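In what follows, a structure is listed as structure tokens, so that the remarks can point back to it.
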Amino acid sequence: MTVAIPPDELSRLLAQDRFLAAVNSTFELPATDTMPAISLRLIEVTVRNAPKGYEQFAALFEGPAEPVLPQGTYEMTHPAFGTMPLFMVPVGHSAERTSYEVCVIRNVEAPSSNAP
């Protein structure tokens, strides 16, 4: 099942300060027909330079060693975020854990009231 979130709401959910506040908390990926439920811990948020009017950051998650999820969009649930889609890429794997990265760049300027 895909969760439909209006673009303005998704942008608010993806705010850098929300992710910074969620470091060391757990995000859940619910079970599907092809995947068991998986818990991922947000371990780091790296703020990156962004063009004026935008913010950019990378969120690093750690999960179990298996299964290794292929890159793709996953519905993730968190008490402070609710359920939202995030595009994750596996970036590290060991016998103990797998690391995933989510990169976000979003417009932080208010929309122009002069828009047609």
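Taken together, the values in this text are just the output of simple stated rules run on the coordinates, not laboratory data. These numbers come from a predicted model, not from an experiment. Glycine also receives a Cβ, built like all others from the backbone with ideal geometry; neighbour counts cover every protein chain displayed.
Candidates Pro67, Pro51, Val102 compared by Cα position along the dipole of segment 7-107: farthest toward the positive end lies Pro51, with charges placed on Cβ. Looking only at GluC sites (Glu not before Pro) in DSSP loops with at most 12 other Cβ atoms within 10 Å, what is the longest site-free stretch of the chain? Here the longest segment lacking exposed loop sites spans 1-95. Over all other residues within a Cβ to Cβ distance under 14 Å of Glu101, the charged ones net out to +1, with Lys and Arg as +1 and Asp and Glu as -1. If only the Cβ of Lys and Arg carry +1 and only the Cβ of Asp and Glu carry -1, the dipole of segment 7-107 around its Cα centre is close to 340 debye.
Counting only other residues whose beta carbon sits under 10 Å from that of Gln56, what net charge do I get with K and R as +1, D and E as -1? Taking every other residue near Gln56 into account, the sum is +1. Multiplying the residue separation of Asp33 and Glu9 by 0.36 nm and removing their Cα-Cα distance gives an extension gain of 5.8 nm. Evaluated over the Cα positions of the chain, the convex hull gives a direction-averaged projected area, one quarter of its surface, of 8.3 nm².
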